[in-house]
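Below is one structure; the comments refer to it alone.
The values are calculated or read from the model by the stated rules, or taken from the named source; none is laboratory data. Since we're looking at a predicted model, the values are computed, not measured. FYI the Cβ positions are ideal-geometry reconstructions off the backbone, even for glycines, and counts take in every protein chain you see.
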Amino acid sequence: MKLQIRKATLALALSVISCQTILVILPVQAQTYSASVTKAQPSKTKQFFRKHEVVRKATIGAGVGTAAGAVTGLVSGKGMVRGAALGAGTGAAVGVINGNKTMARHPIMRDMATGTAVATGITMAATKGHGSASKTMKGAALGAALGLGAGLYRDKLR
């Protein structure tokens, strides 16, 4: 019996020593913290417009053209909604012309095309009825001349 008590005491002493060793080892281990900085991703709409520059310019042009066409239709008495619809199409066309890479290499043609599109849209929003096709053609020709003159004044004559 004494032998069993001594073995039990020895086993208990060894377990206490090993527990103390484990307890001593555990607090000594270093605690690590990690912090990370996350950058918010731009929305899908912003990513789309960054990839598609011409679409962005056409959208902006349509918005500006809607306002200009609505005012033109209201002032001329031909219909504000009709003018807004024509202005949106005209503004989108101007945005595509200004965003086109080929037109960027030919600024005189770009200015003439922009002037033609703007004048055509304004003329169509302001006229309705008999003889509107000839008035639209005259407006387009005048717009091409004004676009050419404005472009030359801006780029060449300074």
Could you identify the single residue in Val81, Val54, Val118, Val37 that is farther than 19 Å from Ala141 by Cα and surrounded by 12 or more Cβ atoms within 10 Å (Cβ to Cβ)? Val54
Out of Thr120, Thr136, Thr116, sole residue that is in a helix (DSSP H, G or I), over 23 Å from Tyr153 (Cα atoms) and of a type outside the set (A, V, I, L, M, F, W, C): Thr136
Matching residues in the stretch 91-136 (of a type in the set (Ser, Thr, Tyr) and within 18 Å of Glu53 (Cα to Cα)) number 2
Any residue that is more than 30 Å from Thr45 (Cβ to Cβ), modelled with pLDDT under 95 and of a type outside the set (Gly, Ala, Ser) - is there at least one of those in the stretch 84-99? no
